Amino acid sequence: MQTFLRDATQFLPLLLQGIKFTVIVALGSLALSTVLGLVWALMRVSGIGWLATTAKIVVNTLRGIPILVQLFYIYFVLPEFGIALTALQAAIIGLGIAYSAYQSENFRAGIEAIDHGQIEAAQSIGMGWGLTMRRVILPQAIRLVLPPYGNIMVMMLKDSSQASTITVAELTLQGTLIASSTFKNMTVYTLVALLYLAMCLPLMGLVSWLERRFGKGARR
């Protein structure tokens with residue numbers, strides 16, 4: 001135990017440097033996936049055939065390709081077409097695009113859960129589709145999608161570790177570099193696991209609170 005604590009004191013400052021990039025990747029990809037996911041969802045429920053079909057194809061394609069493959073394609077293949085990105089940019093864009101498919105299904109489920117009669121009522125008083133969505137449907141759908149959205153946040157934070165495969169110096173890569181140079185695998189990866197857990201636990205608590213808060217609201 002004393003050896004573990006001594007090594008932990010030595011390794012923690014280096015691992016904490018990786019947390020900065022972990023948070024940047026997670027927040028950046030979360031923002032991108034939210035915007036794109038909402039776009040795909042609105043296209044799916046637009047009632048315009050070619051828009052809905054296009055969004056469905058995009059979403060199913062993204063869900064069918066592993067995130068790791070998407071990251072490799074963006075970082076290693078796109079430069080062949082003249083689109084060169086830094087590893088950090090590729091990680092944010094790759095994870096953001098990949099998770100937009102899951103965000104889309106979350107948003108679509110929330111929108112479709114709203115009583116269709118409200119749409120008809122809004123249209124009967126002269127509201128267009130866009131205004132109906134903005135003022136009537138989306139404010140209610142947001143309450144429904146917040147708990148699963150919190151789960152996606154947790155998943156995205158953990159999956160940010162995949163950015164290490166394209167040389168982003170986030171927490172997992174920092175741990176791998178330390179372990180390979182010191183051979184203290186147990187100590188290093190235990191610390192990495194504990195740091196991920198420390199970041200995820202507050203998010204899990206937030207998810208539980210959202211489920212209680214909005215679950216009660218939905219039952220009223």
Check: Among the chymotrypsin sites (Phe, Trp or Tyr not before Pro) within segment 128-205, which fall in a DSSP loop and have no more than 14 other Cβ atoms within 10 Å of their own Cβ?
Finding: Phe183
Notebook entry, point to check: Carbon and sulfur atoms: what percent of the 1.4 Å accessible area of the chain do they account for?
Noted result: 67
Note to self: Accessible area per residue for the chain in Å², computed with a 1.4 Å probe and the full protein assembly in place, what is it?
What the structure shows: 54
Item checked: Proximal lysine pairs, the chain, alpha carbons under 30 Å, eight or more residues apart or interchain -> 5
Next item on the list: Can you tell me the relative contact order of segment 1-98? Whole percent, Cα pairs under 8 Å, sequence separation 6 or more.
Entry: 37
Item checked: the chain: proportion of alpha-carbon pairs further apart than 24 angstrom, % -> 54
Check: Of Gln70, Gln2, Leu88, which is farthest along the charge dipole of segment 1-110 in the positive direction, counting Lys and Arg as +1 and Asp and Glu as -1 at C-beta?
Finding: Gln70
Item checked: FRET efficiency, Phe76 to Thr9 (Cβ-Cβ, R0 41 Å, nearest 0.05) -> 0.60
Check: Any idea what the relative contact order of segment 62-220 is, in percent, if you count C-alpha pairs under 8 Å spaced at least 6 apart?
Finding: 23
Notebook entry, point to check: Between segment 65-93 and segment 141-161, what's the alpha-carbon centroid distance in Å?
Noted result: 23
Note to self: Full-extension gain between Gln17 and Ser180, please, as 0.36 nm times their residue separation minus the C-alpha to C-alpha distance.
What the structure shows: 56.9 nm
Next item on the list: Determine the equivalent ellipsoid of segment 148-213 by diagonalising the alpha-carbon gyration tensor, then write out the semi-axes as square roots of 5 times the eigenvalues, largest first, rounded to whole Å.
Entry: 28, 13, 6
Check: In a GNM of the chain with a 10 Å cut-off on Cα contacts, which of Phe81, Phe72, Phe107 has the highest mean-square fluctuation?
Finding: Phe81
Note to self: Once R0 is set to 41 Å, what does the formula 1/(1 + (r/R0)^6) return for the Cβ-Cβ distance between Ser46 and Ala198, expressed as a FRET efficiency to the nearest 0.05?
What the structure shows: 0.45
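The values are calculated or read from the model by the stated rules, or taken from the named source; none is laboratory data. Keep in mind that what you see is a predicted model, and the values were worked out from it rather than measured. All Cβ positions, even for glycine, are placed from backbone atoms using ideal geometry, and neighbour counts span all protein chains on display. Ligands, DNA and RNA are excluded from the accessible area calculation, which covers all protein heavy atoms including side chains. Shrake-Rupley method; radii C 1.70, N 1.55, O 1.52, S 1.80 Å.
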